[in-house]
């Protein structure tokens with residue numbers, strides 16, 4: 001019996017999105033819960049064919065299974081995968097090689113590999129945030145700890161955006177075909193992310209917000225710069241950001257988020273900046 005649930009998320013153009021009400025925006029751009037005990041959730045998107053998902057093994061390991069939208073006998077037959085753990089200690093097994101992962105560690109699995117997810121303790125399970133994109137060649141499997149990531153400290157308390165950016169996957173580090181992945185942690189008292197904002201029509205992006213108190217929320221901004229909309233996002237919820245959309249947010253407290261991109265290039269700096277005064 002399968003332990004995987006999946007959906008197929010169709011692409012939405014900016015004109016259509018501008019006419020959506022709250023329910024339609026949430027249905028199309030806010031993903032259902034990613035972390036379900038003993039299950040894998042996979043959401044196949046038609047934005048650069050990115051798959052966004054989650055795995056939460058408890059007492060039993062969970063093998064990565066294929067899904068119908070992928071059209072292949074094995075999910076990674078023509079894809080690469082990154083798994084970032086935001087929960088308890090665990091292990092990711094790639095082609096029989098076992099990688100121990102603590103919270104905020106990640107594992108990259110390349111084209112054609114088989115992957116299994118484990119938790120060290122069922123009462124404090126690992127929570128693997130999963131990101132997958134089409135791949136044209138196989139790159140080596142890599143374990144990257146939070147201490148190994150490229151760290152950038154940016155922003156300021158005066159502008160409520162003091163934060164640390166951790167680049168897990170970037171052109172100077174581990175090699176991938178399409179995926180670029182990192183994590184941003186906001187300092188206490190800072191609440192804004194990615195403001196001034198930008199767009200990058202060459203790549204889609206997904207955000208996973210976490211480290212939020214139960215009653216806290218992030219107001220995630222999306223849409224074209226002159227036609228913005230918002231989503232109210234809770235802890236451990238993820239959003240999809242098409243290439244035409246801004247992606248920014250402000251929280252009722254500080255928080256952490258994982259950003260991931262796929263598309264025409266892996267250049268983190270290849271963005272089209274949007275001035276704050278041009279937003280509407």
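Read-outs throughout are calculated quantities, based only on the coordinates presented, and are distinct from any laboratory measurement. Remember, predicted model here, so these are calculated numbers, not experimental data. Positions of Cβ are generated from backbone atoms using ideal geometry, with glycine treated the same way; all protein chains shown enter the neighbour counts.
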TODO: Could you identify the single residue in 243, 173, 249 that is touching a strand residue (DSSP E or B) at 6+ places or on another chain (Cβ under 6 Å) and either part of a loop (DSSP other than H, G, I, E, B) or closer than 30 Å to residue 110 by Cα (or both)?
DONE: 243
Open item on the list: One residue is enough: does region 118-131 have a residue meeting the conditions under 21 Å from residue 6 (Cα atoms), surrounded by fewer than 17 Cβ atoms within 10 Å (Cβ to Cβ) and either touching a helix residue (DSSP H, G or I) at 6+ places or on another chain (Cβ under 8 Å) or touching a residue at least 40 places away in the same chain (Cβ under 8 Å) (or both)?
Closed with: no
Task: Some residue of region 62-70 being surrounded by fewer than 17 Cβ atoms within 10 Å (Cβ to Cβ), touching a residue at least 24 places away in the same chain (Cβ under 8 Å) and in contact with a helix residue (DSSP H, G or I) (Cβ under 8 Å, 6 or more places away or on another chain) - done: yes
Open item on the list: If residue 176 meets every condition in (1) under 30 Å from residue 250 (Cα atoms); (2) touching a residue at least 60 places away in the same chain (Cβ under 8 Å) apart from one, which number is that one?
Closed with: (1)
Task: Test: residue in region 217-237 that is closer than 23 Å to residue 155 by Cα, within 12 Å of the chain's Cα centre (by Cα) and surrounded by fewer than 23 Cβ atoms within 10 Å (Cβ to Cβ) - done: no
- [ ] Check 112, 155, 189 and return the single one that is more than 24 Å from residue 233 (Cβ to Cβ) and surrounded by fewer than 22 Cβ atoms within 10 Å (Cβ to Cβ).
- [x] 112
Open item on the list: Quick check on my filter: what residues within region 132-144 are part of a strand (DSSP E or B), farther than 13 Å from residue 91 by Cβ and touching a residue at least 40 places away in the same chain (Cβ under 8 Å)?
Closed with: 132, 133, 134
